[in-house]
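Here's the structure we're looking at; comments come further down.
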Amino acid sequence: MTVLERNIPGYLTEKSNIISQILFAALFALVFINLYAPFGVNTWFSLTRLQLFLYSSLLILTGVLVIVASRIIMYYYCKKGRLTYPGYTGWVAGEIFLMALVYAILIKTVTDDPRIFLDILKKSVKVTALVLLLPYCILWLYFALREKNVQLKYLKESDNAEPQASRMIPFLDEKGTLRFSVKKDDVLFLEASDNYVNIHYLDGYKSSKFMIRNSMKSLSDGFPGSSLVRCHRSYMVNFDRVKIIRKEKDGLHLELDIPEKTNLPVSKTYVQEVLNRFSRSE
């Protein structure tokens with residue numbers, strides 16, 4: 001698979017990272033325009049510093065709304081499909097053009113700029129590309145470095161403490177990126193939630209959960225021979241944590257050996273698999 005065919009890293013479409021991108025880009029643009037006045041923006045309309053700050057704040061707020069709308073669409077698009085590098089590049093280029101178009105329209109209509117609209121648009125595209133791509137690139141590098149550090153930490157733990165690593169279960173997202181790792185004994189159960197999976201685990205004396213973007217089927221295929229057993233289309237349980245198998249009118253139920261009372265249903269599809277696992281553990 002070539003670079004052009006590869007999907008963008010998952011961290012670029014994570015909700016928290018998208019919010020960080022929007023806020024950082026808005027702050028960067030506000031500071032950059034008011035401090036450095038790129039392309040003589042402060043001389044276009046003979047503005048004072050205060051006027052420039054107020055006008056630029058209004059323009060940036062309008063531009064942020066364009067980015068917010070764009071990134072919401074991108075977020076939900078990536079939940080259903082995947083975005084390649086060329087697609088992402090085109091998306092960002094579209095954001096720049098739409099923001100520049102909004103800026104050009106506002107400048108022409110609100111300030112009654114004497115220049116022709118095409119000249120205003122060209123200038124707006126240059127300024128918008130500058131104030132948007134710089135913070136984007138900074139955050140892209142930060143996100144990539146943070147992701148690499150997480151992966152390197154996991155690899156170092158695997159190399160330097162193999163016995164310890166062998167007791168850990170790594171959980172990867174749909175793009176194969178390590179998102180979470182926990183001791184096998186502390187895993188309680190996995191719970192499907194739309195396009196995500198909640199990993200329920202024991203943190204000290206209470207249960208906690210961690211969400212990753214992946215399917216239950218993909219995760220279940222990655223734990224052959226482990227104590228994790230599929231018991232329902234929406235659940236996968238650590239069988240070492242099962243203390244009671246109870247038969248009720250609606251079928252089998254599993255009660256876990258944890259402080260909080262937790263019962264998991266066993267669907268008909270997985271009854272035999274659960275019973276086989278129970279017989280092997282006796």
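Using the Cβ of Ser226 as centre and a radius below 12 Å, the other residues enclosed give a net charge of +1, where K and R count +1 and D and E count -1.
Between the alpha-carbon centres of the stretch 125-151 and the stretch 165-223 there is a gap of 29 Å. Under the criterion of Cα pairs below 8 Å and six or more residues apart, the relative contact order for the stretch 195-282 equals 20 percent.
Given 10 °C and 1.306 mPa s, how large is the Stokes-Einstein diffusion coefficient of the stretch 169-281 in µm²/s, with Rh as the Kirkwood radius over Cα pairs? Translational D for this selection: 111 µm²/s.
Here, each number is a calculation from the coordinates, and none is a lab measurement. As the structure is a computational prediction, the values presented were derived from the model and not from experiment. Note that we place each Cβ from the backbone using ideal geometry, even for glycine, and neighbour counts take in every protein chain shown.
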